[in-house]
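The values are calculated or read from the model by the stated rules, or taken from the named source; none is laboratory data. Quick caveat, the model's predicted, so the values are computed rather than measured. As a convention, Cβ positions derive from the backbone with ideal geometry for all residues, glycine included, and neighbour counts pool all protein chains shown. In case anyone asks, the SASA skips ligands and DNA or RNA and just uses the protein heavy atoms, side chains included. Shrake-Rupley method; radii C 1.70, N 1.55, O 1.52, S 1.80 Å.
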Amino acid sequence: MAPGKRMMMTRRHSPHKIQVYLGGTTDSVRLKNSRRGDTKEEKEAFAEFLHGAGWKTEEIIQSMKDADDFYCERLALVKLDCWSKGHMVLIGDAAHCPSGRTGMGTTSSMVGAYILAGEIGRHCGAEDGKDGLAVALKAYEQKFRPFMEQVQQGVLEDSEDGLLDSLMATSFGIGIFNYLAGKMSFLKINPAKWMMKENVKNWDLPEYEELLRD
Ligand SMILES: Cc1cc2nc3c(=O)[nH]c(=O)nc-3n(C[C@H](O)[C@H](O)[C@H](O)COP(=O)(O)OP(=O)(O)OC[C@H]3O[C@@H](n4cnc5c(N)ncnc54)[C@H](O)[C@@H]3O)c2cc1C
């Protein structure tokens, strides 16, 4: 089996525990076929995929097998032409999951839900008649879509990460990356503003006085 690209990152969130992020791209049939939620099989397939990657891989694989909070998901992007049909409307990841690469999943979910609530509050009063909801859903789409288009722009397209992918393909490149990441951490520089999609431009969060009604 071709191992594909493999990535490991550790993140300490408490003095007693450390989180390990494992990821990559692979043509592993075993990993692709592992049933979602079949933790034992997912762990085995992941171990097979990661085996031999160097550094502390074998130690990490053992810890992964022992972990009782293992979580595995495929990186996904949800793009839909329309977020509602009749009285059904989607919000959050179901409507526009921007993938873990953006760091904007929760923000997008909250902003979208807020705009939907605001537009329903604005257009679905007793005096708005039966078409009020249709107007509200259309306005939700019109106001929020430009935000999501910026967040999702270029995500999962190969060209976007070409430089980073090339850098991470060799030990030398990984060394440079780790050196720069260490320096940025020491200097408290947040690289997220270049790597993530947190800077949505020329877009203002609407204000809804309607939401303040009793
Ligand atoms: C590892 C990881 C790291 C992340 N890091 C970040 C980050 O740093 N910053 C960020 O902004 N975002 C991050 N995200 C993304 C963020 O978690 C999601 O974008 C966000 O949770 C989406 O909210 P949601 O309410 O749409 O969906 P969810 O939070 O997934 O909520 C959906 C809920 O529906 C429930 N459900 C599913 N099916 C059914 C059913 N049939 N019946 C009833 N209930 C059901 C689920 O159990 C779940 O509770 C991360 C995601 C992952 C996986």
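Relative to the longest principal Cα axis of the chain, at what angle does helix 57-66 sit, 0 to 90 degrees, rounded to 10? Taking Cα atoms only, the helix is inclined about 60 degrees.
A Förster distance of 41 Å, applied to the separation of the beta-carbon atoms of LEU205 and ASP81, puts the FRET efficiency at 0.95.
Convex hull volume of the C-alpha atoms in the chain, normalised per residue: 191 Å³. Think of segment 2-104 as a dipole: +1 on every Lys or Arg Cβ, -1 on every Asp or Glu Cβ, centred on the Cα centre; then among MET104, VAL29, LEU50, MET104 lies furthest on the positive end. Ranked by solvent-accessible area (1.4 Å probe, protein heavy atoms only, all chains present), the residues HIS13, HIS87, HIS123 order from largest to smallest as HIS87, HIS13, HIS123. Across the protein chains, with a 1.4 Å probe defining accessible surface, the residues VAL200, VAL155, VAL20 rank VAL20, VAL200, VAL155 from largest area downward.
Pairs of Cα atoms nearer than 8 Å and 6+ residues apart set the relative contact order; for the chain it is 14 percent. Counting only alpha carbon atoms, the long axis of helix 171-186 and the longest principal axis of the chain meet at about 60°.
Apply 1/(1 + (r/R0)^6) to the Cβ-Cβ distance of MET168 and LEU212, taking R0 = 45 Å, and write down the FRET efficiency to the nearest 0.05.
Working: r = 49 Å, r/R0 = 1.08.
Taking R0 as 45 Å, the efficiency between MET168 and LEU212 is 0.40.
Counting heavy atoms of the protein chains alone, ASP68 has an accessible area of about 140 Å² for a 1.4 Å probe. Couplings for segment 107-117, taken from phi via the Karplus curve 6.51 cos²θ - 1.76 cosθ + 1.60 with θ = phi - 60°, read 4, 4, 5, 5, 5, x, 5, 5, 5, 4, 4 Hz in order; Gly and Pro are left as x.
Leaving out ligands, DNA and RNA, what percent of the accessible area of the chain is carbon and sulfur, probe 1.4 Å? Before the final figure, lay out each step's value.
Details: 8350 of 14940 Å².
With neighbouring chains kept in place, the figure for the chain is 56 percent.
On the beta carbon distance between ALA134 and ARG74, with R0 = 35 Å, the FRET formula returns roughly 0.50. Distance between the pseudo-spin-label points of PHE186 and LYS65 (7 Å out from Cα toward the beta carbon): 3.8 nm.
The slack in the chain from GLN142 to GLU127, taken as 0.36 nm per residue of separation less the alpha-carbon distance, amounts to 3.1 nm.
With θ taken as phi - 60° and the Karplus curve 6.51 cos²θ - 1.76 cosθ + 1.60 applied, the whole-hertz 3J(HN,Hα) list for segment 8-15 is 9, 9, 10, 8, 8, 10, 7, x Hz, x standing for glycine and proline. Each residue was assigned an accessible area with a 1.4 Å probe, and for LEU205 the value is about 100 Å². In the chain, excluding the sites themselves, the longest stretch lacking any of the GluC sites (Glu not before Pro) that are in a DSSP loop with at most 12 other Cβ atoms within 10 Å is 74-156.
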